[in-house]
Amino acid sequence: MPKLIDVHTHVHFAAYDTDRDMVIKRALEKGIWLINVGTQKNTSQNAVELAHKYEGVWASIGLHPIHTEKSYHDSKELGSSSAGNEANGFISREESFDYDFYKKLATDPKVVAIGECGLDYYRLTEETKHRQAEVFVKQIELSSDIKKPLMIHCREAFHDLVDILNANRSRLNTGNPGVIHFFSGTLDDAAHLMDMGFSFSFGGVVTFARAYEKLVKGLPLERIVLETDAPYVTPQSHRGERNESLFVEEVAQKISRIMDKDFEEVAAQTTENAVKIFGLK
Ligand SMILES: [Zn+2]
């Protein structure tokens, strides 16, 4: 068993184009396993290809809510030359959910979850809201179809998230529906989601945003897993630098302080949780 598992990272993104192999090995050598999470067709495909090159590296595949609309582009994710990326024929800035494409990719044994999928109301238009819901429900269906858990992204949309999940409750994988990544809801939202069987992942934000302390303290350790969301959300001691899976240890340390538990207990329990949820071996 690994010491720690970073259940949500993006080392397949453009931010690591010059040193990806070193970044992955730095984590693996410290006993840290990782799940690279796709956000659209090309980043999902890349996550799967990368997972096949290393033991201890897995993939999650899906369509992120912000990629269901046209305007979004992040150079850390997709590279700075958007013209070049478009030329390779895979980048879509307004992707509709291609069920057959994702289903085929999802059957790969290195794929351990569907997502990131969900709702993001940070930059919202009413039209986007409908499209996000529609694409999310298709990924709930896929998760049920292939019996792999959901990797959910939710920003400023917990009320609708709970409603959509409740309406699709019969399709959620019994006992193991998945993880809400970068959980930023309330303890009340968490109660609804736990009732459906979901767990929650926390990353670097807990090391610098005190608002998360009450939230983490209010959740059972059996429902918590660790993440970095790298290259984003770098923990406190590396602020200003690019984030990477190695830094997940600082997240575990902070959670152990917040919960007043030993680091070893937090490391072992979150690892056991992640192994169970994602079926890692
Ligand atoms: Zn992410």
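Selection within region 47-70: residues that are of a type outside the set (A, V, I, L, M, F, W, C) and touching a residue at least 60 places away in the same chain (Cβ under 8 Å). The member of this set that is nearest to the ligand (Cβ to nearest atom) is 64.
Restricting the first member to region 238-259 and to residues that are at pLDDT below 95, and the second to residues that are crowded, with 22+ Cβ neighbours inside 10 Å and among the basic types (Lys, Arg), no beta-carbon pair is closer than 8 Å while six or more apart or on different chains.
Consider residue 108 carefully, then state whether it is modelled with pLDDT of 65 or more, surrounded by fewer than 19 Cβ atoms within 10 Å (Cβ to Cβ) and within 16 Å of the ligand (Cβ to nearest atom).
no
Scanning region 81-95 for residues that are part of a loop (DSSP other than H, G, I, E, B) and surrounded by 11 or more Cβ atoms within 10 Å (Cβ to Cβ), we see that the one that is modelled with the lowest pLDDT is 90. Restricting attention to region 260-281 and to residues that are assigned to a loop (DSSP other than H, G, I, E, B) and touching a residue at least 40 places away in the same chain (Cβ under 8 Å), the residue that is surrounded by the most Cβ atoms within 10 Å (Cβ to Cβ) turns out to be 280.
Considering only residues in region 112-128 that are over 20 Å from residue 182 (Cα atoms) and not hydroxyl-bearing (Ser, Thr, Tyr), the one that is surrounded by the fewest Cβ atoms within 10 Å (Cβ to Cβ) turns out to be 126. Based on what the data block shows, is residue 255 more than 16 Å from the ligand (Cβ to nearest atom) and within 14 Å of the chain's Cα centre (by Cα)? Criteria not met by residue 255.
Any chance you could count how many residues in region 4-23 are among the hydroxyl-bearing types (Ser, Thr, Tyr), more than 16 Å from the ligand (Cβ to nearest atom) and touching a Ser or Thr at 6+ places or on another chain (Cβ under 8 Å)?
0
For region 165-195, filtering for residues that are away from the ligand (no atom under 16 Å from the Cβ), within 24 Å of residue 6 (Cβ to Cβ) and among the hydrophobic types (A, V, I, L, M, F, W, C) leaves 3.
State whether one or more residues within region 96-104 are at pLDDT 95 or above and crowded, with 18+ Cβ neighbours inside 10 Å. Looking through region 96-104, at least one residue is at pLDDT 95 or above and crowded, with 18+ Cβ neighbours inside 10 Å. Only one of the numbered conditions (1) at pLDDT below 95; (2) crowded, with 23+ Cβ neighbours inside 10 Å is not met by residue 12, and that is (1).
Within region 212-232, can one find any residue that is of a type in the set (Gly, Ala, Ser) and without any contact (Cβ under 8 Å) to a residue 24 or more places away in the chain? Checked against the condition, which is being of a type in the set (Gly, Ala, Ser) and without any contact (Cβ under 8 Å) to a residue 24 or more places away in the chain, region 212-232 yields no hits at all.
Evaluate region 28-35: report whether one residue or more is farther than 27 Å from residue 273 by Cα and either in a helix (DSSP H, G or I) or at pLDDT below 95 (or both). Scanning region 28-35, I find no residue that is farther than 27 Å from residue 273 by Cα and either in a helix (DSSP H, G or I) or at pLDDT below 95 (or both), so the answer is no. Looking only at region 154-164, decide whether some residue is among the acidic types (Asp, Glu) and within 16 Å of the ligand (Cβ to nearest atom). Yes, that holds for at least one residue. For the criterion of being within 16 Å of the ligand (Cβ to nearest atom), touching a helix residue (DSSP H, G or I) at 6+ places or on another chain (Cβ under 8 Å) and at positive phi, residue 118 passes. Any residue in region 233-248 that is within 16 Å of the ligand (Cβ to nearest atom), of a type outside the set (Val, Ile, Thr) and part of a helix (DSSP H, G or I)? Among the residues of region 233-248, at least one is within 16 Å of the ligand (Cβ to nearest atom), of a type outside the set (Val, Ile, Thr) and part of a helix (DSSP H, G or I), which makes the answer yes. Only residues that are more than 16 Å from the ligand (Cβ to nearest atom) and farther than 18 Å from residue 101 by Cα: list them for region 24-46, please. Hits for region 24-46 are 24, 25, 26, 27, 28, 29, 30, 31, 32, 33.
The values are calculated or read from the model by the stated rules, or taken from the named source; none is laboratory data. Keep in mind the model is a prediction, meaning the values are calculated, not measured. Positions of Cβ are backbone-derived with ideal geometry, glycine not excepted, and every protein chain shown enters the neighbour counts.
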